[in-house]
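What follows is calculated from the coordinates using simple rules that are stated; it is not laboratory data. It should be emphasised that the depicted structure is a prediction, and the values quoted were computed from it without experimental measurement. A quick note on method: Cβ atoms are made from the backbone with ideal geometry, for glycine too, and the neighbour counts reach across all protein chains shown.
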Amino acid sequence: MQGMMLYTLLLVLGTVIAAYIRPRVQLIRGSRAEALNRLILVILFFLLAVPAVLRVYTGNDYYTYIEHFHDSKLDHYVVTEPGFNLLVKLVYGALDGEYFLVIFGIFSCATVFFFLQAIYKQSADPALSFFLFLALGLYYMSYDTVRYYFALGLVFYSMHYVTKKQWGKFVILVLAAALFHKTALVVLPAYPLARIHWKKWFYGLLAAGAVSGLLFESAWMKLFVWLYPSYVNETEYLEGGSLSIINVARCLGVVALGLMMWQFERKAMEKRPEIGFYLRLNILALILYACFSYIPFVSRIGYYLNVSQLLLLPSLVSLAKGKKRLILYGLVLLAGGLYFIMFLYRASDPLIRVLPYNTWLTVPDGMTPVF
């Protein structure tokens, strides 16, 4: 119960504080408003980073990561990426001990930093983006698969360079993310593809691909294993996943809203090509979740695509005028709030286990953190 209260407090208090941020497009460089924005970002950073740094044994793979840290230090075989392994060796070597809380703290601070910077640099409504970041569970899930969510934060930040077509910086940032989680490489073709304005024939090609995903599961799985041979002997992953109704419904709702706004605000959307980029990413995510659910770790691949919802939804709301904007804003808040409640309901599931929330300040009986 205390963990639920903490997570809810972070959502509400953080959103209220973020409401004082003015979008960057409205600012004059070096102005007092920009300085105030940066102060608010610092406050939000500590608001999110402190609980993340203080946590202990929170997350279903917390113990697994401690073992990975230990194996990396001793140069044992580990499945983790070289960037991750090097960071562990440097920190453990500098501190002359296996201080795993420090490693978790570094990842937590870096993840929060990149997500907040990405929201500030790209969002049409930073407060709404911040709300979605927490309401959709992305922040809280960073307590779990820490490598992945750090990589996701870097990839999310890289969207800034995609929208500006600064491809060199985009590639460098994604390659850096891949040093911590190799799944980040999927965005190298996916993001440039979504940045292009699609023709009608391409939508037909996507539809054919979606149908093939439903009809030729074995063929697609053979292709996946060829691309990722490390899964050949991992039968537990190759038995197939399950269809995520929640992810499909979420992407379907966002895509439907985007297409509706295209009908009514086409000229405005054409002036803001980044909205089309975010929308096309969600179309790809919808196809992936609905037609390729059997691919191992499909949710991790999909999150690189639908994390754009943190930017797409505020952008779509900003296109509406007057009462329509208020209604749309309210609907997004309502949907986000309901999703957050569902997330809290599942947060203690053994596959997630970000509840109960524990800190090393008040370590529960039977738990002994290493300092």
- Query: Quick one: Karplus J couplings for segment 117-131, per residue in order, coefficients 6.51, -1.76, 1.60, θ = phi - 60°, nearest Hz, x for Gly and Pro?
  - Reply: 5, 5, 5, 5, 6, 10, 7, 6, 8, x, 5, 5, 5, 4, 4
- Item | Protection-proxy order for peptides 166-172, 290-296, 59-65, each taking the mean of Cβ atoms within 10 Å per residue, highest first | 290-296, 59-65, 166-172
- Checking rank on 320-327, 277-284, 219-226, with mean other Cβ inside 10 Å and highest first, the result is 277-284, 219-226, 320-327
- Note on the structure: Percent relative contact order for the chain, counting Cα pairs under 8 Å at least six residues apart, stands at 24 percent
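Run the numbers for Lys323 and Lys121: contour at 0.36 nm per residue of separation, minus the present Cα-Cα distance, in nm. Numbers along the way, then the final one.
Working: separation 202, 0.36 × 202 = 72.72 nm, distance 2.71 nm.
Residue separation times 0.36 nm, minus the Cα-Cα distance, leaves 70.0 nm.
Where does the chain land on the Kirkwood hydrodynamic radius, alpha-carbon pairs, in angstrom? It would help to have the intermediate numbers written out before the result.
Working: mean 1/r = 0.0460 Å⁻¹.
About 21.7 Å, per the Kirkwood formula over Cα pairs.
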- Across all directions of projection, what mean area in square nanometres is found for the Cα convex hull of segment 196-319? 8.1 nm²
- Task: Taking all pairs of distinct Cα atoms, average 1/r, flip it, and tell me the Kirkwood hydrodynamic radius of segment 277-321 in Å to one decimal place.
- Result: 11.1 Å
- Starting from the Cα gyration tensor of segment 108-196, take the square roots of the eigenvalues, sort them a ≥ b ≥ c, and report rounded, prolate or oblate (rounded when a/c is under 1.5, otherwise prolate if a/b is larger than b/c, else oblate). oblate
- Item | Sum of -39500 (n - 2.57) over DSSP H runs of 4+, divided by residues of the chain (222 nm, nearest 500) | -22500 deg cm²/dmol
- Relative contact order of segment 245-371, defined on C-alpha pairs under 8 angstrom at six or more residues apart (%): 20 percent
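Among Asp71, Asp144, Asp349, which comes first, then next, by fewest other beta-carbon atoms within 10 Å?
Working: Asp71 16, Asp144 20, Asp349 11.
With the sparsest Cβ surroundings first, the list reads Asp349, Asp71, Asp144.
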- Query: Sorted from fewest to most neighbouring beta carbons within 10 Å, what does the list Met141, Met159, Met260 look like?
  - Reply: Met260, Met141, Met159
